[in-house]
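Structure record follows, encoded as structure tokens.
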Amino acid sequence: MTLNLGHGRGRALSHSWVTHAQIKRNLDRVARVIADLQPDVVALQEVDAPSSWSGQFNHVDYLSEQTSLPHWFLGVQAHYSRLGLSYGTALLSRHPLTRQLNKPYRAKRWDAKGCVAATVSVGSAELTCISSHLDAHSSRVRQRQLRALTQVVLAARKQGPVILGGDFNTSRRWARSPLHAFIDTLALQTE
């Protein structure tokens, strides 16, 4: 399962319109969906560590407590102490997460993106799960980020199977989407 949490703000366009209590209610709704679907792993994007705009609590830890997914790894790609913001991508899992990697993508703007990867062990089987978030504003930046993500996927494939989820801020349906080359280069199976 993959989900962009949008910092817990729900459908609101701005954090300034959402109370910290509403953020917890939004995350409670997410926890109910996770509980209903019972995924083994959830890839999360725009998920917050303690941040001033989203309640000063760790959203992944909160979701872990509300679901049957006790293992998690949050990679912070954006940390702005003067603004009190700390957020990134994460994995939430029913199974232990090992060989964790936090890969921030190079950013020129304040809204840094990146990916996290971790090995999930189920019995004797292992696979790598990756959660990625790409830039929302620039196709050129997304292309650069996809090149970095390609290296993460290729390195993970050396260990075994890979599952990739995320918010790519583009669609394969768009003729000029950089996802076409990314999918072809890695010979990905998509859903």
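The values are calculated or read from the model by the stated rules, or taken from the named source; none is laboratory data. Since the structure is predicted, the reported quantities are computational estimates derived from the model, not experimental observations. Note that we place each Cβ from the backbone using ideal geometry, even for glycine, and neighbour counts take in every protein chain shown. Ligands, DNA and RNA are stripped out before the accessible areas are found, and what is left, the full protein with its side chains, is counted by its heavy atoms. Shrake-Rupley method; radii C 1.70, N 1.55, O 1.52, S 1.80 Å.
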| query | Under the Karplus relation 6.51 cos²θ - 1.76 cosθ + 1.60, θ = phi - 60°, what is the ordered set of whole-Hz ³J(HN,Hα) values for region 164-178, x standing for Gly and Pro? | reply | 10, x, x, 10, 8, 6, 7, 9, 5, 5, 7, 4, 9, 5, x
| For residue 106 and residue 61, what does the FRET efficiency come to when R0 = 25 Å and r is the distance between their Cβ atoms, rounded to the nearest 0.05? | 0.35
| said: Under the rule of at least 5 residues apart or a separate chain, name every residue whose amide H is placed under 5 Å from the amide H of residue 2. | reply: 43
| field | Dipole moment magnitude, nearest 20 debye, region 104-159 about Cα centre, only Lys, Arg, Asp, Glu C-beta charged | value | 400
| request: Just the number, please: carbon plus sulfur as a percent of the accessible area of the chain, 1.4 Å probe, no ligands or DNA/RNA counted. | output: 51
| query | Where only protein heavy atoms count, and the probe is 1.4 Å, what is the accessible area per residue for region 34-74 in Å²? | reply | 41
| said: Along the Cα→Cβ direction, 7 angstrom out, place labels at residue 185 and residue 136. What is the inter-label distance in nm? | reply: 2.5
| note | For region 114-178, the Cα-Cα pair-distance distribution in 10 Å bins from 0, as whole percents, is 21, 46, 24, 8, 1
| query | If amide H atoms are built 1.01 Å from N in the plane of the peptide, which residues on other chains or at least 5 residues away come under 5 Å of the amide H of residue 113? | reply | 105
| note | Given unit charges at Cβ for Lys, Arg (+) and Asp, Glu (-), the dipole magnitude of region 128-177 about its Cα centre in debye, nearest 20, is 240
| Label assignment, Cα extents along the principal axes in Å derived from the structure, set [x] 44, 41, 30; [y] 46, 46, 32; [z] 63, 60, 28 | [x]
| said: Taking θ = phi - 60°, what integer Hz values does the Karplus form 6.51 cos²θ - 1.76 cosθ + 1.60 yield along region 35-46, in sequence order, with x for Gly and Pro? | reply: 4, 5, 7, 6, x, 7, 9, 10, 8, 10, 10, 6
| query | Of 91, 145, 112, which is farthest on the positive side of the dipole of region 58-179, counting Cα position, with +1 on Lys and Arg Cβ, -1 on Asp and Glu Cβ, and the Cα centre as origin? | reply | 145
| field | 11 Å beta-carbon shell around residue 159, net charge (K/R +1, D/E -1) | value | +2
| query | How much length is gained on full extension from residue 125 to residue 94, taking 0.36 nm per residue of separation minus their Cα-Cα distance? | reply | 9.7 nm
| field | For region 96-191, accessible area per residue (1.4 Å probe, heavy atoms of protein chains only), Å² | value | 59
